[in-house]
Ligand code: SF4
Ligand code: SF4
């Protein structure tokens, strides 16, 4: 156990009972419409979203990615290097926007992983020298949640099945692995540059933009993928999400699973040379201006502020 790394989502950090549970562990819990605390958890929602959560909700709501992200999510940072994550947007009192009064969750069939798991926290763990995700769990006990007082006992295996979590975990697994690998700082993993962070956000959450990107002439001129792959990602969100994961791994960890066309980089450099040179010139000029300003301040001993 000592060589295991824990990755506990922040929202579960304090109320989670620190005992690590497995699928065979039995919990005492039941949530139902007639319980006195019905909806109390959704009135204090802190829900981090994973890619498949976004796909399910967005499709159900029939929204474009930009529209969905703006209306229903807020950004936060997954780690100190600024790797972007998203949480569900709430109203000013912290209530989930999908809470429909006494009717409860208005997107119940498509609710995110965190909502399905509650009051269980998912702990994505890894063993030393591997980036394989091994899932374990922890129980969250919060004052407002009366489900713990109900008489039903259930194994976590059956609870996951009952809540329809298996499909979500299976489809989000590669993304969890990627986050773990980044957080664990494996070989050659430093702070990603701005372009990699933007790619990470697009490939994790903005699927309409990702689709446009991988079907663009520029992408096809750079990468060598079979026509069937392009046809698949044009219609299939899951295939697109999986390709997005490969792209992120390629950008962040140099895992080259998407072959680049011979000479594509050189052609791109040639095409973009003028833009890059203009940018570099502007940066040098800005730096020189800053240096002159600093020298002026040192000489006069004052600043504009
Ligand atoms: S999505 Fe549904 S279950 Fe999850 S916090 Fe919102 S209302 Fe509650
Ligand atoms: S029992 Fe817990 S999970 Fe169910 S509605 Fe009440 S607070 Fe929410």
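Give the residue, chosen from 304, 235, that is loosely packed, with under 12 Cβ neighbours inside 10 Å and modelled with pLDDT of 90 or more. Can you show your working first?
On the way: 304 fails: modelled with pLDDT of 90 or more.
When all the criteria are applied, what remains is 235.
Take the residues in the stretch 84-109 that are more than 30 Å from residue 199 (Cβ to Cβ) and touching a strand residue (DSSP E or B) at 6+ places or on another chain (Cβ under 8 Å); name whichever of them is surrounded by the most Cβ atoms within 10 Å (Cβ to Cβ).
Quick first cut of the stretch 84-109, residues more than 30 Å from residue 199 (Cβ to Cβ) only: 91-95, 99-106, 108-109.
Now restrict to residues that are touching a strand residue (DSSP E or B) at 6+ places or on another chain (Cβ under 8 Å): 99, 105-106.
On the way: 99: 19, 105: 15, 106: 15.
Filtering first and then ranking leaves 99.
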Q.
Against the condition modelled with pLDDT of 95 or more, within 16 Å of ligand 1 (Cβ to nearest atom), in the same structural domain as residue 23 (by TED's automatic domain parsing) and over 21 Å from residue 22 (Cα atoms), how does residue 147 come out, does it pass?
A. no
Q. Exactly one of (1) in a strand (DSSP E or B); (2) modelled with pLDDT under 95 is unmet by residue 154. Its number?
A. (2)
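Name the single residue, out of those in the stretch 150-159 being in contact (Cβ under 8 Å) with a residue 12 or more places away in the chain and more than 16 Å from ligand 1 (Cβ to nearest atom), that is nearest to residue 20 (Cα to Cα).
First pass over the stretch 150-159, keeping only residues in contact (Cβ under 8 Å) with a residue 12 or more places away in the chain: 150-157, 159.
Subsequent filtering for residues that are more than 16 Å from ligand 1 (Cβ to nearest atom) retains 150-157.
Numbers: 150: 22, 151: 22, 152: 20, 153: 18, 154: 16, 155: 14, 156: 12, 157: 14 Å.
Looking at residues that are in contact (Cβ under 8 Å) with a residue 12 or more places away in the chain and more than 16 Å from ligand 1 (Cβ to nearest atom), I get 156.
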Q: Please specify each residue of the stretch 34-56 satisfying the condition of being closer than 20 Å to residue 243 by Cα and either near ligand 2 (Cβ under 9 Å from one of its atoms) or part of a helix (DSSP H, G or I) (or both).
A: 51, 52, 53, 54, 55, 56
Q. Given 220, 173, which one is free of Cβ contacts under 8 Å to residues at least 60 places away in the same chain and out of contact with any helix residue (DSSP H, G or I) (no Cβ under 9 Å at 6 or more places or on another chain)?
A. 173
Q. Which members of the stretch 111-132 meet the condition of being more than 15 Å from ligand 2 (Cβ to nearest atom) and either within 16 Å of residue 48 (Cβ to Cβ) or buried (at least 21 other Cβ atoms within 10 Å of the Cβ) (or both)?
A. 122, 123, 124, 126
(Q) Of the conditions (1) closer than 15 Å to residue 51 by Cα; (2) in the same structural domain as residue 118 (by TED's automatic domain parsing), residue 164 satisfies every one except a single condition; which number is it? (A) (1)
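The values are calculated or read from the model by the stated rules, or taken from the named source; none is laboratory data. Remember, it's a predicted structure, so these values are computed and weren't measured experimentally. Here Cβ is always computed from backbone atoms with ideal geometry, including for glycine, and neighbour counts include all displayed protein chains.
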